[in-house]
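Worksheet: the structure to be examined is printed underneath.
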Amino acid sequence: MKITILGPAHPYRGGLASIMETMARVFRHRGHEVKIDTFSLQYPSWLFPGKSQTVDTPPPADLRIERCVNTVNPFNWWRVGRRLRRERPDFVLMKYWTPFMAPCFGSIARIVRGNGHTMVLCQIDNVEPHEHHVVDKPFNRYFLRAVDGFVYMSEQVHGELRAYTSAPALFSPHPLFEHFGERVDRTEACRRLGLGDDVRYALFFGLIRDYKGLDLLLDAWAALRRAGKTAGRRLIVAGEFYTAKEPYLKRIADHGLREEVILHDRFIPDEEVKYYFSAADFVVQPYKTATQSGVTQIAYQFCTPMVVTDVGGLPEIVPDGRVGYVCPPTAEGVADAVVRIWEGDAVERFCANCVEERKRFSWEEMCTRIAELYERVGSDR
């Protein structure tokens, strides 16, 4: 088949770019002709909350990546759509995670489908965004109704999707992030991060946004400290702030946690990720809302146990009592789960169970589901 992937890729940073590049490699390995159309402009700088959208590393030599999509220029959408319509790929695979992309992606999808041959498929992360805006629903309608079929990664997303479209949709869980490498020795990981290996660590990892519940975790840690249960233990917070930093710093100070919270407030490059997940006993995801999370799949990659809240699709991916604990999205619930996971042999047991559980998260399976979706949409036509 001839496949065009449209979405984030090098030089854009982060998990979304890694996902699209990995799927391109799987399809290429299967003998398909694959190219990636990525952004010449992803977000205007005034809209982007982080410090940088791109990386300085060389482009991957094994992939065809063209920077050609400007998300805020309608003339560009028309040009890209017309070119794809002429090129006649069998399908265009889009990645959708925010309504901001809807006008651009929806316009390109409508134009390319005009050739009567190319199908538009979508691997969808979110339908309703975590931070809501008045334009979300009309933007979602514009894009989602221009797509022939979807692969979703949680039942919450599937339910939300059905409010907009009856197009075919298949489930495939979020695969592992294998490009981060393998787990390393804990002593080596601590040395690389400048941490003492005589201390036990819990980890909060990833871009920091209000819905991810870092405030709940800090309140939980403060309660544990008052109860005398944090001696010899520290909380690592590793990730770039995509929201105001000051309220979190104030919370740390007000709770007297400056000596117990190790703050690495920056984007963590790919080559350093393994050290954080190898140094920590477990990762905490105290999210207030969620669909699925790439952090769980990083944890599975490194067989790092998890504490997650009972929201969205997280309990679907993290079986309670097998690879970690699922708890209520409250400070009390998080504190209780942290106490339990540090009791007895829970960390070691959950780490061993991750080895088996992770087998169900495969890039081959994800690409097989996309291929099945293509066949199903073709037969429906």
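The values are calculated or read from the model by the stated rules, or taken from the named source; none is laboratory data. A quick note: this is a predicted structure, and the numbers were derived from the prediction, not measured. Heads up, the Cβs are rebuilt from the backbone with ideal geometry, glycines too, and the neighbour counts pull from every protein chain shown. Just so you know, the surface numbers come from the protein's heavy atoms only, side chains and all, with ligands and any DNA or RNA stripped out. Shrake-Rupley method; radii C 1.70, N 1.55, O 1.52, S 1.80 Å.
Quick notes on this structure:
- 3J(HN,Hα) from dihedral phi, segment 55-69, Karplus parametrisation 6.51/-1.76/1.60, rounded to Hz, x for glycine, proline: 10, 9, 6, x, x, x, 6, 8, 10, 8, 10, 10, 8, 9, 9
- Rounded to the nearest 20 debye, the dipole magnitude of segment 41-99 is 320 debye, with +1 charges on Lys and Arg beta carbons, -1 on Asp and Glu beta carbons, and the Cα centre as origin.
- When both segment 263-281 and segment 159-190 are represented by their alpha-carbon centers, they are found 18 Å apart.
- Segment residue 349..residue 68, full-extension length gain: 96.4 nm, with 0.36 nm per residue of separation and the alpha-carbon distance subtracted.
- Surface accessible to a 1.4 Å probe, per residue, for the residues of segment 20-99, Å²: 53
- Carbon and sulfur %, accessible surface of segment 84-203 computed with the full protein complex present, 1.4 Å: 50
- Computed label-point distance, nm, for sites residue 145 and residue 61 using a 7 Å Cα→Cβ extension: 4.9
- Among the listed pairs 137/359; 2/359; 2/95; 137/288; 35/137; 212/274, those whose Cα-Cα separation exceeds 25 Å are 137/359; 2/359; 35/137.
- Relative contact order %, the chain, counting alpha carbon pairs below 8 Å whose residues are six or more apart: 15
- Nearest-20 debye value, the chain charge dipole, Cβ charges on Lys, Arg, Asp, Glu: 1340
- For segment 145-199: relative contact order, % (alpha-carbon pairs under 8 angstrom, 6 or more apart): 31
- For the chain, calculated [θ]222 nm from helices alone, where every DSSP H run of n ≥ 4 adds -39500 (n - 2.57): -11500 deg cm²/dmol
- Tensor-based shape of segment 184-277 (alpha-carbon gyration tensor, a/c under 1.5 rounded, otherwise prolate or oblate): oblate
- Couplings 3J(HN,Hα) of segment 327-334, computed from phi: 9, x, x, 9, 4, 5, x, 5 Hz, in residue order, whole Hz [Karplus 6.51 cos²θ - 1.76 cosθ + 1.60, θ = phi - 60°; x for Gly and Pro].
- Under 5 Å from the amide H of residue 282 lie the amide H atoms of 203, each residue being 5 or more positions distant or on a separate chain, with H modelled from the backbone and absent for Pro and chain starts.
- Taking 121, 257, 144 as the candidate residues, the one with maximal mean-square fluctuation in a Gaussian network model of the chain, Cα springs under 10 Å, is 257.
- Residues of segment 176-191 falling in the label zone of residue 365, defined by backbone nitrogen less than 15 Å from a point 7 Å along Cα to beta-carbon, are 176-178.
- Couplings 3J(HN,Hα) for segment 213-227, derived from phi with the Karplus relation 6.51 cos²θ - 1.76 cosθ + 1.60 (θ = phi - 60°), are x, 4, 4, 4, 5, 5, 5, 5, 5, 4, 5, 5, 5, 4, 7 Hz, where x marks Gly and Pro.
- Around the amide H of residue 150, modelled in the peptide plane, lie the amide H atoms of 122, 169, 170, all under 5 Å away and 5 or more residues distant in sequence or on another chain.
- Amide H contacts of residue 311 (H built 1.01 Å from N, under 5 Å, at least 5 apart or other chain): none
- For segment 1-52 versus segment 290-324, the gap between their alpha-carbon centres in whole angstrom: 25
- Net lengthening on full extension, residue 192/residue 130 (0.36 nm per residue, minus Cα-Cα): 18.9 nm
- Carbon + sulfur, % of accessible area of segment 276-336 - ligands and nucleic acids excluded, 1.4 Å: 52
- Extension gain (nm, one decimal) between residue 242 and residue 87, 0.36 nm per residue minus Cα-Cα: 52.0 nm
- Residue with peak Gaussian network fluctuation, the chain [Cα springs, cutoff 10 Å], from 163, 346, 222: 163
- For segment 160-296, the per residue solvent-accessible surface stands at 41 Å², with DNA, RNA and ligands left out and a 1.4 Å probe.
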